[in-house]
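Each reported figure results from applying straightforward, stated rules to the coordinates on display, with no laboratory input. A quick note: this is a predicted structure, and the numbers were derived from the prediction, not measured. Reconstructed Cβ throughout: ideal geometry from the backbone, glycine too, with neighbour counts over all protein chains shown.
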Amino acid sequence: MLTKNLHRRPIGVFDSGIGGLTVAKSLFELLPNENIIYLGDTARLPYGTKSKETVILYSIECLKFLLSKNVKMVVVACNSSSSVAVPFLQKITKIPVIGVIEPGSTAAVNKTVNNKIGVIGTMGTIKSNAYKKQVTKYRKDVEIFSQACSLFVQLAEDGWTDNKIAELTAKEYLSGLKEKGVDTVILGCTHYPILKNTIRKVLGKNIELIDSGEETAKEVKNILHRKKLLNTQKKKGYHKFFATDFPNNFKLISERFLGRKISEVKKVKL
Ligand code: DGL
């Protein structure tokens, strides 16, 4: 194990597929000098409809791949994985492993004024109650209203983010939350920030939207700073992408998620 120049090692990020690039994008922006390795488990996507046991197993394999790349920290960008697997992953390695649930929950608790928070995510994330458990750890007086919005994932991947279908789907999913009077909604799925405009249009501008990815990037920076692991190099960090299937498709869609071209996506077997 290399302990020298620990801070120069890359940050590992994994997701069930492409969606975690919304989290990676926040990391690229906030930590431009960091080297980042991204793994999308496109062969086994989606995680959001799979059982807890399966998601934990897949997540362990993703972690092991990133550890083999000698990363200094792991970010579980996938909400469905973060909801169930993080404690298991933390037992496997001594390097910091963080998910998106805690940062997203903290931000929501800090934002809400009327103590009514909405959470939207995949079926797996909503069923796990992970956000609810995390929020009530901080504040018992906050009410949580949850809604699974499964179709949002496909809409984001197909680029149907600002059309009539996206708006109708959002209305169908979100009108219940609006009626409950929530003043803050956690976007508890990697893909949902891509639909932010439509979600905002449907919910109205008085409801705060919490992007768990952005909040997670801030937390990564805090942790690296505290542990003196921030990369102090002056040049921009490298970004490497790996996918377990369809690397070309990954590349095409990821350019939509990142809003820029990426050079290469390598196919790997876990
Ligand atoms: N990355 C997943 C999440 O954030 C969405 C896609 C999937 O279901 O795998 O929950």
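What to note about this one:
- Residue in the range 43-59 that is farther than 22 Å from MET123 by Cα and within 15 Å of the ligand (Cβ to nearest atom) present: no
- Residue within the range 84-106 that is farther than 18 Å from LEU27 by Cα, within 14 Å of the ligand (Cβ to nearest atom) and hydroxyl-bearing (Ser, Thr, Tyr) present: no
- Qualifying residue in the range 1-8 (condition: crowded, with 21+ Cβ neighbours inside 10 Å, more than 13 Å from the ligand (Cβ to nearest atom) and among the β-branched types (Val, Ile, Thr)): no
- Restricting the range 186-218 to residues that are in contact with a Lys or Arg (Cβ under 9 Å, 6 or more places away or on another chain) and among the β-branched types (Val, Ile, Thr), the residue that is surrounded by the fewest Cβ atoms within 10 Å (Cβ to Cβ): ILE207
Residues are listed down the side, and each one gets a yes or a no for (1) basic (Lys, Arg); (2) in contact (Cβ under 8 Å) with a residue 60 or more places away in the chain; (3) not in a helix (DSSP H, G or I):
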residue: ALA217; (1), (2), (3): no, yes, no
residue: ILE223; (1), (2), (3): no, yes, no
residue: THR232; (1), (2), (3): no, yes, yes
residue: LYS261; (1), (2), (3): yes, no, yes
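- Among the residues of the range 1-28, those that are within 15 Å of the chain's Cα centre (by Cα) and within 15 Å of LYS221 (Cβ to Cβ) comprise ILE11, VAL13, VAL23, ALA24, LYS25, SER26, LEU27, PHE28.
- Residues that are small (Gly, Ala, Ser), within 16 Å of the ligand (Cβ to nearest atom), closer than 19 Å to PHE257 by Cα and in contact with a Ser or Thr (Cβ under 8 Å, 6 or more places away or on another chain), drawn from the range 120-178: GLY121, SER150
- If only residues of the range 90-115 that are touching a residue at least 40 places away in the same chain (Cβ under 8 Å) and more than 19 Å from HIS191 (Cα to Cα) are counted, the one that is surrounded by the fewest Cβ atoms within 10 Å (Cβ to Cβ) is VAL113.
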